[in-house]
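Contents: one structure, followed by commentary.
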Amino acid sequence: MTQTTPEAPVRRQRAQVKVRTLRTDRWWLVPLLTFLGLSSFLVYGVWAIIDNSFFVDPYVAPFASPCLVEAMCPDGARLFGWAPIGEWYTLSPGLLILGLPGGFRLTCYYYRKSYYRSFWLSPPACAVQEPHGKYTGERRFPLILQNIHRYFFYAAIVIGLVLAYDAVLALIHKPEGLGTWILVINAVLINAYTVSCHSCRHITAGRLNHFSRHPLRYRAWTFVSKLNAKHQQLAWVSMFSVMAADLYVRLVAKGIISFPYA
Amino acid sequence: MSYKAKFKVWRGEGGEGRLEDFTVEVNDGEVVLDIIHRLQATQAPDLAVRWNCKAGKCGSCSMEINGKPRLGCMTRMSTFEEDETITVTPMRTFPVIKDLVTDVSYNYQKAREIPSFTPPADVKPGEYRMQQVDVERSQEFRKCIECFMCNNVCHVIRDHEENKTNFSGPRFLMRIAELDMHPYDVADRQEAAQEQHGLGYCNITKCCTEVCPEHIKITDNALIPMKERVVDRKYDPLVWLGNKIFKRAK
Amino acid sequence: MENSVNTERHEYDVVVIGAGGAGLRAAIEARQQGKRTAIVCKSLFGKAHTVMAEGGAAAAMGNVNSNDNWMVHFRDTMRGGKFLNNWRMAELHAKEAPDRVWELEAWGALFDRTKDGKISQRNFGGHEYPRLAHVGDRTGLEMIRTLQQRVVALQQEDYETHGDYEAYIKVFAECTVTRLLKDGDRISGAFAYWRESGNFVLFDAPAVVLATGGIGKSYVVTSNSWEYTGDGHALALLAGANLINMEFIQFHPTGMVWPPSVRGILVTESVRGDGGVLRNSEGKRFMFDYIPDVFKDQYATTEEEGDRWYTDQANNRRPPELLPRDEVARAINAEVKAGRGSPQGGVFLDVSTRLPAEEIKKRLPSMHHQFKELADVDITAEPMQVGPTCHYIMGGVEVDADTGAASVPGLFAAGEVSGGMHGSNRLGGNSLSDLLVFGRRAGAGAAAYIDALEARPKVSSEMVADAREEALAPLGRHGENPYEVHHELQRTMNDLVGIIRKSEEITEALQVVEKIKERVQLVGAAGSRIYNPGWHLAIDLRNMVLVSECVARAALLREESRGGHTRDDFPGMNPVWRRKLLACSTEDGTTIKVQEKPQSSMRDDLITLFDRDELKKYLTDEEMAEFDGITK
């Protein structure tokens, strides 16, 4: 029993229930949809890296921003006209920076939940047995690297600011463009997702034990906490918004979409 | 209004057993625990079930209803179709004693391995001064009624018995978070959370939060913040450097 | 001998029966005084009924209103108990409650705070100032968890020094005590069985602290859990102790009445403290019609004044919804009887029209949760239906105020199972503080008793054999279903010795109880000894029948109405009866004898805390003359 065990030789075994789960609802639906959603993002990301039509003045496709490569980036696509990567580099500019927002999402506490569940099936759903014989969690390499999430957060803040800067530039140069507004909405959502991060919540004031001694940080924490409660929703919405914005810019650049206010 | 419901209840002792079929009367406004009690009173007087307050406050009647961890007293019969067969089994992660009663001593052992609240030696009872905002986080965790359904549903031990030695489960990792966030607690808990209580096993798949009858945000408010505090301590070179240079006020 | 085959034997200094607030506090004290202590409880550790307490723990800390002090608290307690309280207990309680609450904080409790960081205190029925330390509406849970964690902290200390967590304090969970054992007139131990295995346990211990709570399971409509079968009351009786004040049972005015499966479950008084009002089927706030004369000056007479009180307590009198529990319970009972009740036989308790939805969720989270989940009622949108429910027994083991010692040497009692502290009616919030104050005193009393003991009393093997036989008896029989017998007892007590009592009805109840007593001898339990609830109930029935008889016999004798005892045929309070206590005892273990005992007079410095005008309502002319003598 609790603190003590009667000295009765009752055998200590779990109740034998042969099936993996006794759940009667469609528990497999959510992991399946998650799998499809995340897979589509991966597939799109690979395509976006290969595709080079990422700029049409004044729009920069988010997957390629900031564009830092001398050989590949037209002036308007460069951040403050800056291209530190020399002529020698001829691959996709997206390849250089996608690791940062990608890593941010890969180590994000929400995305971890969703891919552990839908890709790893560990577990596929609550109270459904996982198929693995052994489980060690995030204690050792490589999964222990998830702990660097906060560094990706710092980088994601920078990327978020760049996307906001891109959107502002578009706003200045083409306020009537549909693309401008798509970039603006995307920048808002990306930044909201970034700020709603659990690491951000920890950094603002979560690490403190006396909120009352740090009223400003406490207010920031309260704000972040509110966003944090919507981290999952923001993760999905911003993922689709960045895909949509990226695709839109590329379609305009390719001339597939062409109308006066595009 | 009353109808006959079909129930399958796991019955057995010490692991061995089977699902037994029952047909039993259900009345308006009843919960699953009422039906189990009706079975006791009319068909199976020795059907074992653990319960106490019958109001969702003591956390005794944890069981699995149609495969989901639930409190029997908080699961209304009106959430099921009248022709649905309702399957009731004991919690899967803990050894079964008899029928729906499991041996939850794992939880009490883990509770005992967490050093208790450690206030500074010079504060006397009656001298504590804490602001509401400083106690609110820990207060949320203290709503816990210790039904142990979070530990039961957690795949780390549910699917891997061998992890029980090194993993204290969401309930007790949350207890560590509660103490670590307590404005007056001076003990160092972050190292132990990771090394002895297995915080690193948690892959934040959030089933603990999903089953919590008190709706405590275990993952978002306790486990992840605790993981972040552990990162401060163990994995973040910048924080480590900062702590060397400036003495950080907790 | 078969006994030794599967009866475990344990030696302890103190055995505490019950792991609620009082039991844990007693065990902590005994252990802190260096005594080896066992805690024996019927449920898992940390599940005791104390978790159900919602409102708070009354302690005159004066954090919210600095006018509060122990004397005001003492006066409120005596008034609430209609001056029948053991005044020494009420005094100790009022004086020590703040220290006990502060101590909890040092053990890790996190109460709600005031602006300046102290423990916040809330208003409650019968308390003159905001006095209840609380955590939302789950104060009992906070208290039980804190005490539980304190026990664990002590075990950790013992592990450090002795290498064994259980060297000095051990919890025997899901273990039921069926008999106290004696050596001559002294306690020598206790006999119990493991619920899980059905195996027997013998505790060899010179001191036993009873902290088993109440007797609510003798009634159909009750807020009490299955554990409340009057075990401690019955164990004390059978060991030769007296039970006093057994006629006084508090019916909490607001229990849920719908759906039937949750009938009786409590709706906290905080709902009224925070603005909730009672209405009948005509929509009338009927409590204004039920303010008794003794309280005329303290309560608002108009709805406007009552409403103003919530925001300005200094200049207005409180609304009558906050009258002591017995008054409100009787009023609801009367409204329902007059045909002005709600569809399911209660009245309406409405907070939805009084506070914004967000505020309700913030102040009454667990009530909101409870109604939503259990009854599918949203209390922010519609009124609740409530009615009286058996909640608390003021009566219990007659104990010495300072040490918790019963008349049997070695036997101690604290909390609901002890009698006297609350007189004829308990104020809300006084229970949690009672557990702490007298739990600690009983633990200390037991430790002191052991220190003074010359020789350790011995356990007699005949008594063990008898206890064993008694416990096994229902298993061997193919008798009546214990659930049916239990239900009949509950119905009888509920209908005939309930909130309003009459001589004929109580007499009838006694006849039924007499018959049930015989049937209990014949109930049978099918199945094995392993976790067999039918068998457990069959054993508990003995206790329920004994205490039910005490309640009925005492209720029949007390020919007046006071606090938790209302006689239809004797509606008024009678000062002569205030001087008498009814003490139940048994010699043969089945028949209950009730004797009158005189109530001792209050100490001079305490009685002079009251106004003459107030005392006049309670005391006899003779006592008033004495009072005048003191004050002169």
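Kindly state, to the nearest 0.05, the FRET efficiency for C:THR311 paired with B:ASP188, given R0 = 35 Å and r defined as their beta-carbon distance. All intermediate terms of the calculation are to be shown ahead of the outcome.
Details: r = 46 Å, r/R0 = 1.32.
Given R0 = 35 Å and the Cβ-Cβ separation, E is 0.15.
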**Request:** Mind giving me the nanometre distance, one decimal, between the label points for C:ARG603 and C:ASP466, set 7 Å out from Cα along Cα→Cβ?
**Result:** 4.0 nm
**Request:** For chain A, with a Gaussian network of springs between Cα atoms less than 10 Å apart, report the residue from A:ILE97, A:ILE190, A:ILE85 with the top mean-square fluctuation.
**Result:** A:ILE85
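Of C:LYS284/C:LYS617; B:LYS98/C:LYS515; C:LYS47/C:LYS217, which ones are farther than 25 Å apart at the Cα? If you can, show how the numbers build up before the last one.
Values: C:LYS284/C:LYS617 30 Å; B:LYS98/C:LYS515 34 Å; C:LYS47/C:LYS217 17 Å.
C:LYS284/C:LYS617; B:LYS98/C:LYS515, as the Cα separations exceed 25 Å there.
To make sure I understand, if each residue's beta carbon is the centre and we count other beta carbons within 10 Å, what order do A:SER199, C:SER188, A:SER258 fall in, fewest to most? Each step should come with its number before you reach the end.
Numbers: A:SER199 25, C:SER188 22, A:SER258 10.
By the 10 Å Cβ count, ascending, the order reads A:SER258, C:SER188, A:SER199.
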**Message:** Need one value for B:176-189: mean number of C-beta atoms belonging to other chains within 10 Å of its residues' C-beta atoms.
**Reply:** 2
**Request:** Give me the lysines in straight-line cross-link reach of A:LYS254: C-alpha distance below 25 Å, same-chain residues under 8 apart excluded.
**Result:** A:LYS174
**Fill in**
Across 10 Å bins beginning at 0, the whole-percent shares of Cα-Cα pair distances in the protein assembly as shown come to 2, 10, 18, 21, 19, 13, 8, 5, 3, 1, 0, 0
**Complete:** Label model pair C:ALA448, C:ASP628: point-to-point distance (7 angstrom along the Cα→beta-carbon line) in nm is 3.9 nm
**Asked** Roughly how tilted is helix C:87-106, in degrees to the nearest 10 and between 0 and 90, from the longest Cα axis of chain C?
**Response** 80 degrees
**Fill in**
Rounded to the nearest Å, the spacing of the alpha-carbon centers of segment C:159-183 and segment A:137-203 is 58 Å
**Request:** Output ³J(HN,Hα) for segment C:475-482: one whole-Hz value per residue in order, computed from phi by the Karplus curve 6.51 cos²θ - 1.76 cosθ + 1.60 with θ = phi - 60°, and x for Gly and Pro.
**Result:** 5, x, 8, 9, x, 5, 5, x
**Phi-based couplings in Hz for segment A:97-112 (Karplus 6.51, -1.76, 1.60; Gly and Pro marked x)** = 10, 4, x, 6, x, x, x, 4, 6, 5, 9, 5, 4, 6, 4, 4
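Report the extension gain between C:LEU522 and C:GLN595 in nm, rounded to one decimal, defined as 0.36 nm multiplied by the number of residues separating them, less their alpha carbon distance.
Extra length available between C:LEU522 and C:GLN595 comes to 23.2 nm.
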**Message:** Loop only by DSSP, 10 or fewer other Cβ within 10 Å of the Cβ. Give me the trypsin sites (Lys or Arg not before Pro) in segment C:103-149 that pass, ordered by residue number.
**Reply:** C:LYS115
**Message:** Please give me, ordered by residue number, the GluC sites (Glu not before Pro) of segment C:129-188 that lie in loop per DSSP and have at most 13 other Cβ atoms within 10 Å.
**Reply:** none
**Fill in**
As straight-line cross-link partners of C:LYS632, the qualifying aspartates and glutamates (C-alpha separation under 18 Å, not fewer than 8 residues apart within one chain) are C:ASP604, C:ASP605, C:ASP611, C:ASP613, C:GLU614, C:ASP621, C:GLU622, C:GLU623
**Request:** Could you pull out the pairs from B:LYS8/B:LYS54; A:LYS226/C:LYS362; B:LYS124/B:LYS234 whose alpha carbons sit more than 23 Å apart here?
**Result:** B:LYS124/B:LYS234
**Given A:LYS230/C:LYS361; B:LYS57/C:LYS580; B:LYS244/C:LYS115; B:LYS143/B:LYS244, the pairs whose alpha carbons are separated by over 31 Å** = B:LYS57/C:LYS580; B:LYS244/C:LYS115; B:LYS143/B:LYS244
**Request:** Apply the Karplus parameterisation 6.51 cos²θ - 1.76 cosθ + 1.60, with θ equal to phi minus 60°, to every residue of segment C:216-228 and state each ³J(HN,Hα) to the nearest whole Hz, in sequence, with x for glycine and proline.
**Result:** x, 6, 7, 10, 6, 9, 8, 8, 8, 8, 4, 5, 7
**Request:** Specify the residue with the greatest mean-square fluctuation among A:GLU70, A:GLU87, A:GLU176, computed from a Gaussian network of chain A linking alpha-carbon atoms under 10 Å apart.
**Result:** A:GLU87
**Asked** Ranking B:CYS212, C:CYS584 by Cβ neighbours within 10 Å, fewest first, what do you get?
**Response** B:CYS212, C:CYS584
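None of the figures in this text is laboratory data; all of them are computed from the coordinates on show. A quick note: this is a predicted structure, and the numbers were derived from the prediction, not measured. Note that we place each Cβ from the backbone using ideal geometry, even for glycine, and neighbour counts take in every protein chain shown.
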